[in-house]
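The values are calculated or read from the model by the stated rules, or taken from the named source; none is laboratory data. Owing to the predicted nature of the structure, the values given are computational and were not obtained by experimental measurement. Here the Cβ positions follow ideal geometry from the backbone for every residue, glycine too, while neighbour counts run over all protein chains shown.
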Amino acid sequence: MSIFWISVIGSSALAFCLKLFGASVPENWLNHPRVQRINNLIPIALLSALVAVNSLADKTKLVIDNRTAGVAAAIALLIAKAPFPVVVVGAAVTSAVLYRVF
Amino acid sequence: MSVKRDSFSVSFTVGLYGSAFGAAGIASHFSVLQTCLLSLLLFSGASQFAVVGVIGAGGSALSAIATSTLLGTRNALYGLRLAPILKMRGLKRLAGAQITIDESTGVCLSQNDEVDQIKGFWYTGIGVYIFWNLFTLLGALGAKAMGNPSAWGLDAAVPAAFLGMLWPRLVDRKARAIAICATLLSLALTPFAPAGVPIITCALLAILFGWRA
(Lines give C-alpha, C1' and ligand atoms only; values in the text may rest on other atoms or scores of the structure.)
Protein backbone atom coordinates (compact mmCIF):
# COMPACT_ATOMS: atom_id res chain seq x y z
CA MET A 1 0.00 0.00 0.00
CA SER A 2 1.36 3.46 -0.86
CA ILE A 3 2.28 6.13 1.66
CA PHE A 4 -0.74 8.10 0.36
CA TRP A 5 -3.27 5.37 1.12
CA ILE A 6 -1.73 4.59 4.52
CA SER A 7 -1.92 8.24 5.56
CA VAL A 8 -5.49 8.67 4.23
CA ILE A 9 -6.86 5.58 5.98
CA GLY A 10 -4.78 5.88 9.16
CA SER A 11 -5.52 9.55 9.79
CA SER A 12 -9.23 9.15 8.97
CA ALA A 13 -9.66 6.19 11.31
CA LEU A 14 -7.91 7.94 14.21
CA ALA A 15 -9.80 11.18 13.59
CA PHE A 16 -13.10 9.33 13.92
CA CYS A 17 -11.91 7.50 17.05
CA LEU A 18 -11.08 10.85 18.67
CA LYS A 19 -14.47 12.33 17.76
CA LEU A 20 -16.33 9.29 19.04
CA PHE A 21 -14.21 9.15 22.19
CA GLY A 22 -15.16 12.73 23.03
CA ALA A 23 -18.84 12.02 22.51
CA SER A 24 -18.70 8.88 24.67
CA VAL A 25 -16.60 9.48 27.82
CA PRO A 26 -17.92 11.03 31.04
CA GLU A 27 -17.53 14.80 31.00
CA ASN A 28 -15.22 15.11 34.03
CA TRP A 29 -12.55 12.94 32.38
CA LEU A 30 -10.88 15.63 30.33
CA ASN A 31 -12.11 18.65 32.21
CA HIS A 32 -8.76 19.49 33.76
CA PRO A 33 -7.61 23.10 33.04
CA ARG A 34 -4.16 21.85 32.05
CA VAL A 35 -5.65 19.52 29.42
CA GLN A 36 -7.74 22.40 28.08
CA ARG A 37 -4.75 24.76 27.92
CA ILE A 38 -2.50 22.26 26.13
CA ASN A 39 -5.33 21.39 23.76
CA ASN A 40 -5.74 25.06 22.82
CA LEU A 41 -2.01 25.42 22.16
CA ILE A 42 -1.54 22.28 20.02
CA PRO A 43 -3.08 23.79 16.85
CA ILE A 44 -0.99 26.97 17.26
CA ALA A 45 2.29 25.02 17.59
CA LEU A 46 1.55 22.57 14.77
CA LEU A 47 0.07 25.11 12.34
CA SER A 48 3.07 27.42 12.88
CA ALA A 49 5.46 24.56 12.14
CA LEU A 50 3.42 23.58 9.07
CA VAL A 51 3.57 27.16 7.74
CA ALA A 52 7.34 27.32 8.30
CA VAL A 53 8.17 23.93 6.80
CA ASN A 54 5.85 24.29 3.82
CA SER A 55 7.25 27.70 2.91
CA LEU A 56 10.96 27.43 3.79
CA ALA A 57 11.95 23.75 3.64
CA ASP A 58 12.66 21.56 0.63
CA LYS A 59 13.01 18.04 2.07
CA THR A 60 15.88 18.63 4.55
CA LYS A 61 17.20 21.86 3.01
CA LEU A 62 16.14 25.38 3.96
CA VAL A 63 15.35 27.47 0.88
CA ILE A 64 13.85 30.80 -0.07
CA ASP A 65 11.79 30.38 -3.21
CA ASN A 66 8.50 31.34 -4.87
CA ARG A 67 6.51 29.67 -2.04
CA THR A 68 8.25 31.89 0.52
CA ALA A 69 7.21 34.94 -1.48
CA GLY A 70 3.64 33.62 -1.64
CA VAL A 71 3.52 33.23 2.13
CA ALA A 72 4.96 36.72 2.60
CA ALA A 73 2.08 37.99 0.45
CA ALA A 74 -0.34 36.00 2.62
CA ILE A 75 1.03 37.65 5.77
CA ALA A 76 0.59 41.10 4.20
CA LEU A 77 -3.00 40.23 3.23
CA LEU A 78 -3.79 38.92 6.74
CA ILE A 79 -2.41 42.12 8.29
CA ALA A 80 -4.71 44.02 5.90
CA LYS A 81 -7.58 41.86 7.28
CA ALA A 82 -8.31 40.14 3.97
CA PRO A 83 -10.69 37.14 4.12
CA PHE A 84 -9.36 33.57 3.91
CA PRO A 85 -9.99 32.94 0.17
CA VAL A 86 -8.27 36.21 -0.78
CA VAL A 87 -5.26 35.23 1.36
CA VAL A 88 -4.94 31.80 -0.28
CA VAL A 89 -5.46 33.07 -3.83
CA GLY A 90 -3.11 36.03 -3.22
CA ALA A 91 -0.37 33.68 -2.09
CA ALA A 92 -0.92 31.38 -5.07
CA VAL A 93 -0.86 34.22 -7.61
CA THR A 94 2.31 35.74 -6.12
CA SER A 95 4.04 32.36 -6.13
CA ALA A 96 2.88 31.50 -9.66
CA VAL A 97 4.04 34.82 -11.12
CA LEU A 98 7.52 34.39 -9.59
CA TYR A 99 7.65 30.73 -10.70
CA ARG A 100 6.92 31.72 -14.29
CA VAL A 101 9.26 34.72 -14.33
CA PHE A 102 12.32 32.94 -12.87
CA MET B 1 -30.27 35.71 13.18
CA SER B 2 -32.18 32.47 12.87
CA VAL B 3 -30.34 29.25 13.48
CA LYS B 4 -31.07 28.10 9.91
CA ARG B 5 -29.52 31.20 8.39
CA ASP B 6 -26.53 31.01 10.75
CA SER B 7 -25.95 27.40 9.82
CA PHE B 8 -26.30 27.97 6.09
CA SER B 9 -23.97 30.95 5.88
CA VAL B 10 -21.29 29.16 7.91
CA SER B 11 -21.72 25.96 5.88
CA PHE B 12 -21.44 27.65 2.53
CA THR B 13 -18.51 29.93 3.40
CA VAL B 14 -16.49 27.18 5.05
CA GLY B 15 -17.49 24.74 2.32
CA LEU B 16 -15.92 27.04 -0.27
CA TYR B 17 -12.54 26.58 1.45
CA GLY B 18 -12.89 22.92 0.54
CA SER B 19 -11.76 23.91 -2.95
CA ALA B 20 -8.44 25.11 -1.45
CA PHE B 21 -8.07 21.71 0.21
CA GLY B 22 -8.93 19.89 -3.01
CA ALA B 23 -6.22 21.84 -4.83
CA ALA B 24 -3.74 21.27 -1.96
CA GLY B 25 -4.30 17.51 -2.13
CA ILE B 26 -3.46 17.44 -5.83
CA ALA B 27 -0.47 19.78 -5.30
CA SER B 28 0.90 17.24 -2.80
CA HIS B 29 0.45 14.41 -5.35
CA PHE B 30 -2.60 12.75 -3.78
CA SER B 31 -5.08 11.39 -6.32
CA VAL B 32 -8.54 12.96 -6.75
CA LEU B 33 -10.06 9.91 -5.03
CA GLN B 34 -7.64 10.08 -2.06
CA THR B 35 -8.21 13.83 -1.70
CA CYS B 36 -11.99 13.36 -1.70
CA LEU B 37 -11.78 10.46 0.77
CA LEU B 38 -9.90 12.69 3.21
CA SER B 39 -12.82 15.13 3.12
CA LEU B 40 -15.44 12.38 3.37
CA LEU B 41 -13.76 10.29 6.07
CA LEU B 42 -11.35 12.51 8.01
CA PHE B 43 -13.57 15.63 7.73
CA SER B 44 -11.61 18.12 9.83
CA GLY B 45 -9.98 20.94 7.86
CA ALA B 46 -6.71 21.52 9.71
CA SER B 47 -6.06 17.77 10.08
CA GLN B 48 -6.70 17.20 6.36
CA PHE B 49 -4.34 20.00 5.37
CA ALA B 50 -1.78 18.50 7.78
CA VAL B 51 -1.90 15.10 6.04
CA VAL B 52 -1.26 16.59 2.60
CA GLY B 53 1.15 19.22 4.02
CA VAL B 54 3.38 16.67 5.77
CA ILE B 55 3.38 14.20 2.86
CA GLY B 56 3.89 17.07 0.40
CA ALA B 57 6.94 18.16 2.42
CA GLY B 58 8.38 14.64 2.05
CA GLY B 59 7.34 13.32 5.47
CA SER B 60 6.47 9.72 6.31
CA ALA B 61 2.94 8.34 6.64
CA LEU B 62 3.53 8.04 10.38
CA SER B 63 4.42 11.75 10.73
CA ALA B 64 1.39 12.70 8.66
CA ILE B 65 -0.95 10.56 10.75
CA ALA B 66 0.53 11.77 14.05
CA THR B 67 0.37 15.46 13.12
CA SER B 68 -3.16 15.14 11.78
CA THR B 69 -4.32 13.20 14.86
CA LEU B 70 -2.87 15.72 17.30
CA LEU B 71 -4.68 18.48 15.40
CA GLY B 72 -7.87 16.44 15.80
CA THR B 73 -7.69 16.18 19.60
CA ARG B 74 -9.74 19.35 19.92
CA ASN B 75 -12.66 17.58 18.24
CA ALA B 76 -12.69 15.13 21.17
CA LEU B 77 -12.97 18.02 23.60
CA TYR B 78 -15.75 19.55 21.50
CA GLY B 79 -17.60 16.24 21.70
CA LEU B 80 -17.19 16.24 25.44
CA ARG B 81 -18.55 19.78 25.70
CA LEU B 82 -21.50 19.00 23.40
CA ALA B 83 -22.52 15.62 24.83
CA PRO B 84 -24.81 16.98 27.59
CA ILE B 85 -26.56 19.23 25.04
CA LEU B 86 -26.95 16.74 22.19
CA LYS B 87 -27.63 13.60 24.26
CA MET B 88 -26.93 11.31 21.29
CA ARG B 89 -27.37 7.53 21.31
CA GLY B 90 -26.58 4.66 18.94
CA LEU B 91 -26.27 5.44 15.22
CA LYS B 92 -27.03 9.08 15.84
CA ARG B 93 -23.96 9.30 18.03
CA LEU B 94 -21.80 7.86 15.22
CA ALA B 95 -23.16 10.40 12.73
CA GLY B 96 -22.92 13.23 15.25
CA ALA B 97 -19.32 12.32 16.11
CA GLN B 98 -18.29 12.52 12.44
CA ILE B 99 -19.63 16.09 12.13
CA THR B 100 -18.19 17.32 15.46
CA ILE B 101 -15.83 20.03 14.16
CA ASP B 102 -14.98 23.71 14.82
CA GLU B 103 -17.98 25.07 12.92
CA SER B 104 -20.79 22.78 14.18
CA THR B 105 -19.53 23.31 17.74
CA GLY B 106 -19.27 27.07 17.27
CA VAL B 107 -22.79 27.53 15.87
CA CYS B 108 -24.25 25.16 18.48
CA LEU B 109 -22.69 26.97 21.44
CA SER B 110 -23.60 30.42 20.12
CA GLN B 111 -27.35 29.66 20.25
CA ASN B 112 -29.40 30.80 23.23
CA ASP B 113 -31.67 27.86 23.98
CA GLU B 114 -31.20 24.13 23.85
CA VAL B 115 -33.59 23.48 20.93
CA ASP B 116 -31.65 25.91 18.71
CA GLN B 117 -28.33 24.54 19.95
CA ILE B 118 -29.26 21.04 18.81
CA LYS B 119 -30.56 22.35 15.46
CA GLY B 120 -27.47 24.52 15.03
CA PHE B 121 -25.17 21.54 15.53
CA TRP B 122 -26.93 19.27 13.03
CA TYR B 123 -27.71 21.91 10.36
CA THR B 124 -24.16 23.27 10.42
CA GLY B 125 -22.45 19.89 10.65
CA ILE B 126 -24.46 18.42 7.77
CA GLY B 127 -24.25 21.67 5.77
CA VAL B 128 -20.48 21.93 6.06
CA TYR B 129 -20.19 18.20 5.24
CA ILE B 130 -22.12 18.63 1.99
CA PHE B 131 -20.43 21.83 0.78
CA TRP B 132 -16.93 20.88 2.00
CA ASN B 133 -17.05 17.60 0.08
CA LEU B 134 -18.58 19.17 -3.01
CA PHE B 135 -15.95 21.90 -3.18
CA THR B 136 -13.13 19.46 -2.39
CA LEU B 137 -14.10 17.52 -5.52
CA LEU B 138 -14.31 20.70 -7.62
CA GLY B 139 -10.97 21.99 -6.28
CA ALA B 140 -9.25 18.66 -6.90
CA LEU B 141 -10.62 18.35 -10.45
CA GLY B 142 -9.69 21.97 -11.15
CA ALA B 143 -6.13 21.49 -9.89
CA LYS B 144 -5.82 18.25 -11.85
CA ALA B 145 -6.85 20.07 -15.03
CA MET B 146 -4.25 22.80 -14.41
CA GLY B 147 -1.30 20.39 -14.44
CA ASN B 148 1.98 21.51 -12.80
CA PRO B 149 0.94 22.75 -9.31
CA SER B 150 3.95 25.08 -8.95
CA ALA B 151 3.12 26.95 -12.15
CA TRP B 152 -0.23 27.92 -10.59
CA GLY B 153 1.15 28.71 -7.15
CA LEU B 154 -0.66 25.82 -5.49
CA ASP B 155 2.47 24.91 -3.52
CA ALA B 156 2.23 28.34 -1.83
CA ALA B 157 -1.54 27.98 -1.30
CA VAL B 158 -0.91 25.15 1.19
CA PRO B 159 1.20 27.16 3.71
CA ALA B 160 -1.07 30.17 3.11
CA ALA B 161 -4.07 28.06 4.13
CA PHE B 162 -2.24 26.96 7.30
CA LEU B 163 -1.45 30.60 7.99
CA GLY B 164 -5.09 31.57 7.49
CA MET B 165 -6.12 28.96 10.07
CA LEU B 166 -3.37 30.02 12.47
CA TRP B 167 -3.87 33.79 12.32
CA PRO B 168 -7.18 34.07 14.26
CA ARG B 169 -5.66 31.96 17.06
CA LEU B 170 -2.79 34.41 17.71
CA VAL B 171 -4.89 36.35 20.21
CA ASP B 172 -2.50 36.78 23.14
CA ARG B 173 1.20 36.92 24.01
CA LYS B 174 1.42 33.25 24.87
CA ALA B 175 -0.08 32.27 21.51
CA ARG B 176 2.33 34.50 19.62
CA ALA B 177 5.30 33.26 21.67
CA ILE B 178 4.51 29.61 20.96
CA ALA B 179 4.02 30.40 17.25
CA ILE B 180 7.46 31.99 17.04
CA CYS B 181 9.09 29.13 19.00
CA ALA B 182 7.41 26.50 16.80
CA THR B 183 8.55 28.31 13.64
CA LEU B 184 12.16 28.45 14.86
CA LEU B 185 12.20 24.90 16.26
CA SER B 186 10.76 23.33 13.11
CA LEU B 187 13.24 25.18 10.89
CA ALA B 188 16.17 24.39 13.21
CA LEU B 189 15.33 20.67 13.09
CA THR B 190 14.74 20.56 9.32
CA PRO B 191 18.38 19.90 8.26
CA PHE B 192 18.82 17.12 10.84
CA ALA B 193 15.53 15.26 11.22
CA PRO B 194 13.57 13.29 8.60
CA ALA B 195 10.84 15.43 6.96
CA GLY B 196 7.69 15.55 9.08
CA VAL B 197 9.52 15.04 12.39
CA PRO B 198 10.29 18.78 12.85
CA ILE B 199 6.54 19.47 12.65
CA ILE B 200 5.32 16.85 15.09
CA THR B 201 8.10 17.71 17.57
CA CYS B 202 6.52 21.14 18.00
CA ALA B 203 3.60 19.50 19.83
CA LEU B 204 5.99 19.32 22.79
CA LEU B 205 5.95 23.12 22.87
CA ALA B 206 2.20 23.00 23.51
CA ILE B 207 2.80 20.81 26.57
CA LEU B 208 5.65 23.03 27.76
CA PHE B 209 3.73 26.29 27.32
CA GLY B 210 0.41 24.88 28.52
CA TRP B 211 1.69 23.17 31.66
CA ARG B 212 1.28 26.33 33.75
CA ALA B 213 -1.41 28.97 33.31
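Out of all the residues in the range B:176-195, which are in contact (Cβ under 8 Å) with a residue 24 or more places away in the chain and not small (G, A, S)?
Kept after step one, since they are in contact (Cβ under 8 Å) with a residue 24 or more places away in the chain, are these residues of the range B:176-195: B:177-178, B:181, B:194-195.
Result: B:I178, B:C181, B:P194.
Which of the following residues is part of a helix (DSSP H, G or I) and facing another protein chain (nearest Cβ under 7 Å): A:V53, A:V86? I'd like the intermediate steps shown before the answer.
Numbers: A:V86 fails: facing another protein chain (nearest Cβ under 7 Å).
Answer to the check: A:V53.
Of everything in the range A:74-83 that's small (G, A, S) and surrounded by fewer than 21 Cβ atoms within 10 Å (Cβ to Cβ), which residue is nearest to the other protein chains (Cβ to nearest Cβ)? Walk me through how you get there before you give the answer.
At the first step, the residues of the range A:74-83 found to be small (G, A, S) are A:74, A:76, A:80, A:82.
Next cut, surrounded by fewer than 21 Cβ atoms within 10 Å (Cβ to Cβ) only: A:76, A:80, A:82.
Details: A:A76: 11, A:A80: 12, A:A82: 9 Å.
So the residue we want is A:A82.
Picking from B:V107, B:V158, which residue would you name as being more than 30 Å from B:G56 (Cβ to Cβ), modelled with pLDDT under 95, crowded, with 24+ Cβ neighbours inside 10 Å and assigned by TED's automatic domain parsing to the domain that holds B:V10? Quick ask: steps written out before the conclusion?
Working: B:V158 fails: more than 30 Å from B:G56 (Cβ to Cβ).
None of the other options fit; the residue is B:V107.
What's the number of the condition A:A92 fails, among (1) in contact with a Ser or Thr (Cβ under 6 Å, 6 or more places away or on another chain); (2) within 7 Å of chain B (Cβ to nearest Cβ)?
(1)
Can we say B:G142 is surrounded by fewer than 17 Cβ atoms within 10 Å (Cβ to Cβ) and under 22 Å from B:H29 (Cβ atoms)?
Working: surrounded by fewer than 17 Cβ atoms within 10 Å (Cβ to Cβ): yes; under 22 Å from B:H29 (Cβ atoms): yes.
Judged against the criteria, B:G142 is a match.
Which residue is surrounded by the fewest Cβ atoms within 10 Å (Cβ to Cβ), if the candidates are limited to the range B:39-62 and must be within 7 Å of chain A (Cβ to nearest Cβ) and under 11 Å from the mean Cα position of the chain (by Cα)?
Residue satisfying both the conditions and the ranking: B:A46.
Check every one of the helices (runs of 4 or more DSSP H) wholly within the range B:1-112 and list those with 2 or more residues that are more than 17 Å from B:A161 (Cβ to Cβ).
Numbers: elements: B:3-27, B:32-37, B:45-56, B:61-71, B:73-86, B:90-98, B:102-109.
Once the helices (runs of 4 or more DSSP H) in the range B:1-112 are filtered for at least 2 residues that are more than 17 Å from B:A161 (Cβ to Cβ), what remains is B:3-27, B:32-37, B:61-71, B:73-86, B:90-98, B:102-109.
Return the pair list, or none, for Cβ contacts closer than 8 Å from residues in the range B:63-79 that are at the interface with chain A (Cβ under 7 Å from one of its Cβ atoms) and within 13 Å of A:A45 (Cα to Cα) to residues that are polar (S, T, N, Q) and not in a helix (DSSP H, G or I), at least 6 apart or on different chains.
The qualifying pairs are B:L71/B:S44.
Does the range A:11-26 contain at least one residue that is touching a residue at least 24 places away in the same chain (Cβ under 8 Å) and either more than 22 Å from B:A177 (Cα to Cα) or at the interface with chain B (Cβ under 7 Å from one of its Cβ atoms) (or both)?
Among the residues of the range A:11-26, not one is touching a residue at least 24 places away in the same chain (Cβ under 8 Å) and either more than 22 Å from B:A177 (Cα to Cα) or at the interface with chain B (Cβ under 7 Å from one of its Cβ atoms) (or both), which makes the answer no.
Looking at the range B:114-213, what helices (runs of 4 or more DSSP H) fall wholly within it and have at least 2 residues that are facing chain A (nearest Cβ under 9 Å) and among the hydroxyl-bearing types (S, T, Y)? Don't jump to the end; show me each part of the working.
Details: elements: B:114-146, B:154-166, B:173-189, B:197-201, B:203-210.
Output list reads B:173-189.
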